[in-house]
Amino acid sequence: MKAFVLERYGKKRALRLADMPTPELRDDEVLVEVHAAGLNVLDSKIRDGEFKLILPYRLPLVLGHDVAGVVVKVGPRVRQFEEGDEVYARVDDFRIGTFAQFVPVKEASLALKPRGLTMEEAASVPLVGLTAWQALVEKANLNKGQKVFIQAGSGGVGTFAIQLAKHLGATVATTTSAANVALVKSLGADVVIDYKTQDFEDVLRDYDVVLNSQDGKTLEKSLRVLERGGKLISISGPPDPGFGLEIGAPGFVRLVMRLLSSGIRRKAKSRGIDYSFLFMKASGGQLREITRLIEAGAIRPVIDRVFPFHSTNEALAYVEAGRAKGKVVVKVK
Ligand SMILES: NC(=O)c1ccc[n+]([C@@H]2O[C@H](COP(=O)([O-])OP(=O)(O)OC[C@H]3O[C@@H](n4cnc5c(N)ncnc54)[C@H](OP(=O)(O)O)[C@@H]3O)[C@@H](O)[C@H]2O)c1
């Protein structure tokens, strides 16, 4: 099969289009013929070598976490899927590789593709949709009437998280630049802050939840818009010791995490705020909940650009530039 392969870690290093053997199917997996693959900042960070401690991959590696496609083979222990099913997934860590013609996916991580979505639209959803779900539903338990600040509302995570938070009945504040104000308003954002001309700290007060996806300075400022008892959930670091335990990281990695996050944890504690780091996980069950919301019209995917498969490196460069309005996808079939 054709696949885009990472041969050596390196900043902006191009992936090589190569002929690779189709990965062997495990008993609890289905083989998916990839029709479209969604791109994520995580793909470029892994390629750059930034995730070596958390995700120590052996190279060569086919990159890519999001897929929409058709089941072409079913492992003997798979019960819920059959050949011909149209499906989508965020594939599991250490089993990634959606920038390819075929990818094996664990049954537990897979869901049927939402009716009414194209393959490209479906492939744009899983990683960011599950991130928003795990932050706002699982961790924050966001409820009707609460106030949430979702940074970078025009990005992949932001466009999904705004819609999910509105569906849950929350008031949503977000940051974006002037060109994307109309977009985030159309998704339901109640308070829109142009981060280039305004400081969110001057506008927002007594928030219940912040979903932080930006730098350390933004993370610290976020503490000051939360009320006591509020939750600061960061998806851009620093990882906390709880996360280290969760992934079974070795002792020295857990120590690094403890040190990296000690400042923000201390400051959060002194303000009565709960700080936690989230690294999202694959989940077919949660993806089915997301399917329901998409089919009910509560959430729609926002796609910025679709690239042809042979332009996967260009697509990754576009994502890295940090200006995407919603998601970037490659069309594989
Ligand atoms: N831990 C996890 O599980 C997890 C999961 C998903 C993502 N992430 C991380 O979360 C971050 C966001 O991911 P993403 O996929 O949403 O990224 P993205 O789609 O690439 O974000 C691009 C968007 O960010 C906006 N933006 C850039 N700088 C901004 C700023 N200072 N303030 C507000 N908006 C800004 C841009 O809007 P303008 O063009 O208007 O500036 C653009 O629309 C990344 O660091 C990613 O690695 C982590």
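If each residue of separation counts as 0.36 nm, what is the full-extension length gain between Leu59 and Arg292 once their alpha-carbon separation is subtracted? Don't skip to the end; give the middle numbers.
Working: separation 233, 0.36 × 233 = 83.88 nm, distance 3.72 nm.
Gain on stretching Leu59 to Arg292: 80.2 nm.
In the structure shown, do any of Lys147/Lys231; Lys144/Lys221; Lys106/Lys281; Lys2/Lys333 have a Cα-Cα gap over 18 Å, and if so which? Don't skip to the answer; put the middle values down first.
On the way: Lys147/Lys231 11 Å; Lys144/Lys221 25 Å; Lys106/Lys281 13 Å; Lys2/Lys333 11 Å.
Those over the limit are Lys144/Lys221.
Quick one: divide the alpha-carbon radius of gyration of the chain by 2.2 N^0.38 Å and tell me what you get.
On the way: Rg = 19.4 Å, N = 333, 2.2 N^0.38 = 20.0 Å.
Rounded to two decimals, the normalised Rg is 0.97.
Ignoring everything but the protein chains, give the 1.4 Å probe accessible area of Ile273 in square angstrom, nearest 10.
10 Å²
Could I have the simple spin-label model distance between Asp202 and Arg258, label points 7 Å from Cα toward Cβ, reported in nm to one decimal?
Roughly 4.2 nm, to one decimal.
As an exercise, use a Förster radius of 25 Å and the Cβ-Cβ distance of Asp274 and Asp215 to find the FRET efficiency, rounded to the nearest 0.05. Don't jump to the answer; show the numbers that get you there.
Details: r = 21 Å, r/R0 = 0.83.
For R0 = 25 Å, the calculated efficiency reads 0.75.
Subtract the Cα-Cα distance of Lys73 and Ala108 from 0.36 nm times their separation in residues, and report this length gain in nm to one decimal. Don't skip to the end; give the middle numbers.
Details: separation 35, 0.36 × 35 = 12.60 nm, distance 1.56 nm.
Net length gain for the segment: 11.0 nm.
Over the chain, what is the percentage of antiparallel beta bridges among all DSSP beta bridges, to the nearest 5?
Details: 31 of 56 bridges.
In the chain, DSSP labels about 55 percent of beta bridges as antiparallel.
Mind checking the full-extension length gain between Lys144 and Arg13? Use 0.36 nm per residue of separation minus the Cα-Cα distance, one decimal, nm. Can you show the working numbers first?
Working: separation 131, 0.36 × 131 = 47.16 nm, distance 4.51 nm.
Length gained, Lys144 through Arg13: 42.7 nm.
Could I have the simple spin-label model distance between Ile247 and Ala178, label points 7 Å from Cα toward Cβ, reported in nm to one decimal?
Roughly 4.0 nm, to one decimal.
Going through the stretch 1-78, which chymotrypsin sites (Phe, Trp or Tyr not before Pro) have at most 13 other Cβ atoms within 10 Å and a DSSP loop state? If you can, show how the numbers build up before the last one.
Numbers: sites: Phe4, Tyr9, Phe51, Tyr57; in loops: Tyr9, Phe51, Tyr57.
Sparse-neighbourhood loop chymotrypsin sites (Phe, Trp or Tyr not before Pro): none present.
Using only helices, what value at 222 nm comes out for the chain when you add -39,500 (n - 2.57) per DSSP H run of length 4 or more and divide by the total residues, to the nearest 500 deg cm²/dmol? The partial results should precede the final answer.
Numbers: 11 runs with 98 residues, N = 333.
Result for the chain, helices only: -8500 deg cm²/dmol.
Using a Förster distance of 22 angstrom, determine the FRET efficiency expected from the C-beta separation of Val137 and Asp190, and round it to 0.05. Kindly include the intermediate steps, with their values, before the conclusion.
Working: r = 19 Å, r/R0 = 0.88.
Given R0 = 22 Å and the Cβ-Cβ separation, E is 0.70.
The values are calculated or read from the model by the stated rules, or taken from the named source; none is laboratory data. The structure presented is a predicted model; accordingly, all values stated were derived computationally and were not measured. Neighbour counts are summed over all protein chains in view; Cβ atoms, including those assigned to glycine, are modelled from backbone coordinates with ideal geometry. Areas reflect the complete protein model, heavy atoms only, side chains present, ligands, DNA and RNA absent. Shrake-Rupley method; radii C 1.70, N 1.55, O 1.52, S 1.80 Å.
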